[in-house]
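The structure appears right after this line, and notes come after that.
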Amino acid sequence: MTTPDPREWCRDAIRVLEADANRSADTHLHVFPLPPEWGIDLYLKDESVHPTGSLKHRLARSLILYGLVNGRIRKGTTLIEASSGSTAVSEAYFAQMLGLDFVTVVPRSTSAEKIRFIEFYGGRCHYVDDPTQIYAEAERLASECSGYYLDQFTLAERATDWRGNNNIAESVFAQLVAERFPIPTWIVVGAGTGGTSATFGRYVRYRRHETRVAVVDPENSAYYEGWKSGRTDYTTGKPSRIEGIGRPRVEPSFIGDVIDEVLPVRDAASLAAIRVLRERTRHWAGGSTGTNLVGAFQLIARMLAAGERGSVVTLICDGGARYEATHYNDEWITSQGLDLAPERARIDRFLATGEWDLA
Ligand SMILES: Cc1ncc(COP(=O)(O)O)c(C=O)c1O
């Protein structure tokens, strides 16, 4: 009896992932309504409509393809990750599609909602008490079971094709070609792994666009100080309240050299902004989208003050339904010691006057 050629399984696995991509439509690019006399257009790339509900759908597919083409993922390989969030949900979806076991290392504080979502796609959660131990524990689990550590924080910038191949940047520029300002002045994104900002930063340089890339950073995160000081070893040791973005350390996939600006954003402002978004557009998004919006508003106010016209693009990263118990729950907001009212007033004043007071 001939032993099956492992390459055959790998070929079929890549076919299955390609077929899934082929069945999926591209995500929309919505307009956020601004006063037309401003001469500035704001666009929202809606990544919440991916089959697994977030921008991480793209990354998860790329990370698994990267493991397959490197010969590290084979029939029966257990896939391991360190993520309690969107990435784990998307990786569980693809692992299930390939008939592979998926285990993700998560802090014991992870919300029941997130756990249920990961388990819905057949994933298993492995708990650690100390959130800073997720990386080491994932590596240990992978070597213990001869599994493969997908390692989003290290490999996100390597696994994503920054030249194109329908990456998020190529998709955005393709969807802007018929607009009055097809080459945006700014692209504003948050950073978890840093993979999304690296993709945009590299793509605009590769395509020789003048577009600048800004990263918005929530409280407790290491990216703002790390980027400003050029220190890749900068740490805060504290977790972020805005799920998906902000990290206790500067992650390996954060490529500071392709980022033109990092803007610190208060968590209360992020959470006020998603309420404004829902009221003005009916889009229901998670907190990291609010952080993006606040950054975009600040940069638009700066453009207006300089008499600049143009377009700005940011992301809807995931849907609001995941955050009913947190970002959209007033008791949770109060329990976090957050007061949204002054931030709400600042946003409303900006949308009425175009001025953003930085106080
Ligand atoms: C909801 C959400 N927003 C934004 C991001 C940031 O993306 P990246 O990891 O590419 O920096 C993430 C990443 O996990 C996320 O889950």
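The values are calculated or read from the model by the stated rules, or taken from the named source; none is laboratory data. All of these numbers come straight from a predicted model, not from anything done at the bench. Because the Cβ atoms are built from the backbone with ideal geometry, glycine has one as well, and the counts that use them run over all protein chains shown. Note: accessible area is taken over every heavy atom of the protein model, side chains too, but ligands, DNA and RNA are not part of it. Shrake-Rupley method; radii C 1.70, N 1.55, O 1.52, S 1.80 Å.
Just a few scattered comments:
- Accessible area per residue in Å² at 1.4 Å probe, computed on the chain: 44 Å²
- For K75, the lysines whose Cα falls under 28 Å of its own Cα, not counting residues fewer than eight places away in the same chain, are K56, K114.
- Near V128, the amide H atoms lying under 5 Å from its own belong to V106, R108; only residues 5 or more places off or on other chains count, and H is placed 1.01 Å from N.
- Cα-based values for region 178-240, radius of gyration first and Dmax second, are 13.9, 45 Å.
- Tail weight of P(r) past 22 Å, computed on alpha-carbon pairs of region 56-157, percent: 18 percent
- Prolate/oblate/rounded call for region 254-309, Cα gyration tensor, a/c under 1.5 rounded: oblate
- Heavy atoms of E179 accessible to a 1.4 Å probe, total area in Å² rounded to 10: 70 Å²
- Rounded if a/c under 1.5, otherwise prolate or oblate - region 184-316, Cα gyration tensor axes: oblate
- Peptides ranked, highest mean first, by Cβ atoms within 10 Å: ranges 328-336, 251-259: 251-259, 328-336
- Amide proton proximity set for A285, modelled H, under 5 Å, gap of 5+: G320
- Along its first, second and third principal axes, ordered by size, region 278-339 spans 42, 23, 17 Å in Cα coordinates.
- Ellipticity at 222 nm from helices only: DSSP H runs of n ≥ 4 in the chain, each -39500 (n - 2.57), divided by the residue count, give -13000 deg cm²/dmol.
- Test item: Cα-centred dipole of region 215-314, Lys/Arg +1 and Asp/Glu -1 on Cβ, debye: 380 debye
- Net charge contributed by nearby residues that have their C-beta within less than 15 Å of D161 (K/R +1, D/E -1): +4
- For region 56-157, size of Cβ-based charge dipole, Lys and Arg +1, Asp and Glu -1, in debye: 400 debye
- Principal axis dimensions, region 244-352 - Cα atoms, whole angstrom, descending: 40, 40, 24
- Apolar share of the accessible surface for region 34-184: 49 percent from carbon plus sulfur atoms, 1.4 Å probe.
- Relative to the Cα centre, the charge distribution of the chain, modelled as +1 at Lys and Arg Cβ and -1 at Asp and Glu Cβ, gives a dipole magnitude of about 600 debye.
- Peptides 87-96, 15-24, 287-296, 125-134 ordered by average Cβ neighbours within 10 Å, highest first: 287-296, 87-96, 125-134, 15-24
- Ratio of Rg to Rh for the chain: 0.97 [Cα atoms; Kirkwood radius as inverse mean 1/r over pairs].
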